[in-house]
Every structure is written in structure tokens, then in C-alpha cells.
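Have a look at the structure below, then the notes.
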Amino acid sequence: MHTEFHLLAFSRYDNVRLLICICILFMYFLCILENVLVTIIVYLTSHLHTPMYFFLCNLTVLDVIYVSAVLPKLIVITITGNTSISRAGCFTQVFLYVFCIGTEFFLLVCMAYDRYVAICIPLHYMHIMNHKSTLILAAFCCNLGGFNAMMYALLISKLSFSSSHEINHFFCHMKSILQLSCSDTSTIRILITVDGIVLGFLPFTFILISYIYIISTILKLHSDLRRRKAYSSCSSHLTVVLLFCLTSLSLNMKSETKFSQEQDKILSMLYIAVTPTLNPLVYSLRNKDVLEAMKKRISAIKI
């Protein structure tokens, strides 16, 4: 039984290895800095203690977790050339990645539901989205994501692998691991298909339906000020949803060919490093409440 795997990462681009390393290192630290900053701003600003920003803080924590599960190892591989990763380390990467991505999808649904209640039935908002229900929704998302990730971890831990133990990816990507297995992987592949529907298509459909109702309600508002405020509160979330879901769908729906493996690495990098880095920027630049809170904190530091 193999005790370790080897991540080929970007070995084909060895001539620009230093440039790749600098880019990955920059994105990693920028991602951590931005997400931690948004979390601190929300924590320190009392009027941001709402369900929407509670879910946002959960998203930032998950972004930090799964980025930290993948990029530091990739940075080490790029700098040292040591591509080995232990079997336990590989399966841990799978667990954390699946847990965070699955949980984020459901949190995005909760955020869409929060905006739907706030705009379409505002008189019932405080009753429906109270502190208890918000905590229950967040706990449900985490438990569902954890249960799903545990199923994957248990299933792949029982696989046997062929003599080849080189993973043609920069992290322990599920499909790349399955290509190395000499066991029957039909159960895991069925689970991946089911996950694509339950964790991908259904949440995305629910979010789209929610926004159809939200946009319809916004267009009916007579006050331009209320319309702009409603649009501002939704636009940042919708932008994050599109970034997250479109990269996820493009990654999981494309065909599996040798040529596509290099495309898969690029799409995965967008999904793992670029999207979590853009999310806090979207929330800070497109959201007046967060932007004003940041300005106040910066002004307070200067004084």
C-alpha cells in the first residue's frame, strides 16, 4: 500500500517556476489578509451584526480554511521541488476541500434566502431571520458539508492504488485520485454526480429563483432611494454567487481528457485562489455598509 503520493503540480512549466511561486504566494497572503480584515470589520461594527454578515463571516472562514489546505503545500512544492504528500495529508486535503466547498454552496443559499425575506417580506424579517434561526441555518450547512466530506474521506480511504502514484494536479483533486485507483470507483463517481445536483445545481437554481422574486420586488418599489438600497444589498452577494458557481460548474461539467487536465489546473486555481481573493473585494467595494465601516476604522487608526 502506498504511504504517499506525488503532486505533479505545474512541473511542465519549470522554466517559470519562480514566477508561479511568487504569484501563488501573493494570492495566498492577499486572500488571508482580505478575509481576516472583512471578518474583523464585521466583528467590530455593531450595525453589521446581522444574519447577512454572519453568513459572510462564515464564508470568509471557509475561504481561509480551504485555501490554507491547498496553497501552502503548493508553494512548498514550487520552491523545493519536493512533490510528495502523505496518504493522510492527501485525504485531509480532500476532506477539507469537499467540506468547505459544500458548506459554502449552502451558505450562499442562506444568504439568498436572507435577501429574499428582507426585500420581499420585510415586515416578517425580524421574526423569520432571528438569532436562533440564523445559528440553526449555519449549523445545518456545516453539518451537511461535514457529513458529505466524511463520506468521501471514508470511501477513498478504502481504495487500492496502482503502481503509479503521481497525481497530475497541484492538490489531491478527487477525479485525479480516482484515475490512479485500481479498485471499483463507481460508488464515488455516483456520489460525485449526486453532489453535482444536490450541492451545485439545486442551490444555484434556488438562488436564481430567489433573485427573480427579489428583482421583481425591487422593480415595483416606488422610491428610488429604497430601490438603490435594495439593489446595493443584493448586488455584492449575486456577484459572489456568479463567481463561485460559474467556476464550479465549468470545472465539474467539462470532459475528462489529457488535454483538459492542464485546463483543469487553471480552472481549479481560479476556483481555489482567485475567487476567495475576489470575494472580500466584491463585498467591500460593492457594499456601502462594509466600505463605510472600513473607512471609519482606518480614520480611527490615523487619529
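Between helix 288-302 and the chain there is an angle of about 90 degrees, using the helix long axis and the longest principal axis of the Cα atoms.
To the nearest 0.05, what FRET efficiency results for residue 4 and residue 205 with a Förster distance of 35 Å applied to their C-beta separation?
Numbers: r = 41 Å, r/R0 = 1.16.
FRET efficiency, residue 4 to residue 205: 0.30.
Note on the range 31-70: the C-alpha convex hull projects to 2.4 nm² when averaged across all orientations. Evaluated at q = 0.12, 0.21 Å⁻¹, a Debye calculation over the C-alpha positions of the range 108-242 (equal weights, vacuum) places log10 I(q)/I(0) at -0.66, -1.24.
Per DSSP H run of n ≥ 4, the term is -39500 (n - 2.57); total these for the chain, divide by its residue number, and report the mean residue ellipticity at 222 nm rounded to 500 deg cm²/dmol.
Details: 12 runs with 227 residues, N = 303.
Helix contribution divided over all residues of the chain: -25500 deg cm²/dmol.
What number, in percent, do you get for the relative contact order of the chain if the mean sequence gap of Cα pairs under 8 Å and at least 6 apart is divided by its residue count?
Numbers: 299 pairs, mean separation 82.5, N = 303.
Answer for the chain is 27 percent.
Across all Cα pairs in the range 89-132, the calculated P(r) in 5 Å bins from zero up to the longest distance comes to 5, 21, 17, 15, 12, 9, 9, 7, 4, 1 percent per bin. Evaluated on the range 176-224, the Kirkwood hydrodynamic radius is 13.9 Å, with distances taken between all distinct Cα atoms.
Here's the picture: charge each Lys and Arg Cβ at +1 and each Asp and Glu Cβ at -1 in the chain, and of 59, 193, 96 the one pushed furthest to the positive end of that dipole is 59.
Could you size up the charge dipole of the chain around its Cα centre, putting +1 on the beta carbon of Lys and Arg and -1 on that of Asp and Glu, and report it in debye to the nearest 20? Walk me through the numbers on the way to the answer.
Details: 23 positive and 15 negative charges, 175 e Å.
Magnitude of the dipole: close to 840 debye.
Mind giving me the FRET efficiency for residue 296 and residue 221? R0 is 45 Å, r the Cβ-Cβ distance, nearest 0.05 is fine. E between residue 296 and residue 221, to the nearest 0.05, is 0.95.
Each principal axis of the Cα cloud of the range 37-159 was taken in turn, and the coordinate range along them, longest first, works out to 58, 33, 20 Å.
Just subtract the alpha-carbon distance of residue 84 and residue 147 from 0.36 nm times their residue separation and send over the number in nm, one decimal. Don't jump to the answer; show the numbers that get you there.
Numbers: separation 63, 0.36 × 63 = 22.68 nm, distance 2.81 nm.
This chain segment gains 19.9 nm when fully extended.
Per residue, the average separation of C-alpha pairs within less than 8 Å and at least 6 apart gives the range 101-171 a relative contact order of 42 percent. With the biggest extent put first, the Cα atoms of the range 94-164 measure 63, 19, 12 Å across the principal axes.
Work the Kirkwood hydrodynamic radius out for the chain: mean of 1/r over every pair of different alpha-carbon atoms, inverted, in Å. Don't jump to the answer; show the numbers that get you there.
Numbers: mean 1/r = 0.0482 Å⁻¹.
Result for the chain, one decimal place: 20.7 Å.
Using a 4.7 Å Cβ-Cβ cutoff, the cysteines of the chain lacking any partner cysteine are 21, 23, 31, 57, 100, 110, 120, 141, 142, 182, 234, 245. Computed from Cα atoms, the angle from the helix 17-44 axis to the main principal axis of the chain rounds to 30 degrees.
Estimated from the Cβ-Cβ distance and a Förster radius of 51 angstrom, the FRET efficiency linking residue 22 and residue 124 is about 0.50.
Bear in mind these aren't lab numbers, they're just calculated from the coordinates by the rules spelled out. All of these numbers come straight from a predicted model, not from anything done at the bench. Here the Cβ is made from the backbone with ideal geometry for all residues, glycine too, and neighbour counts use every protein chain on show.
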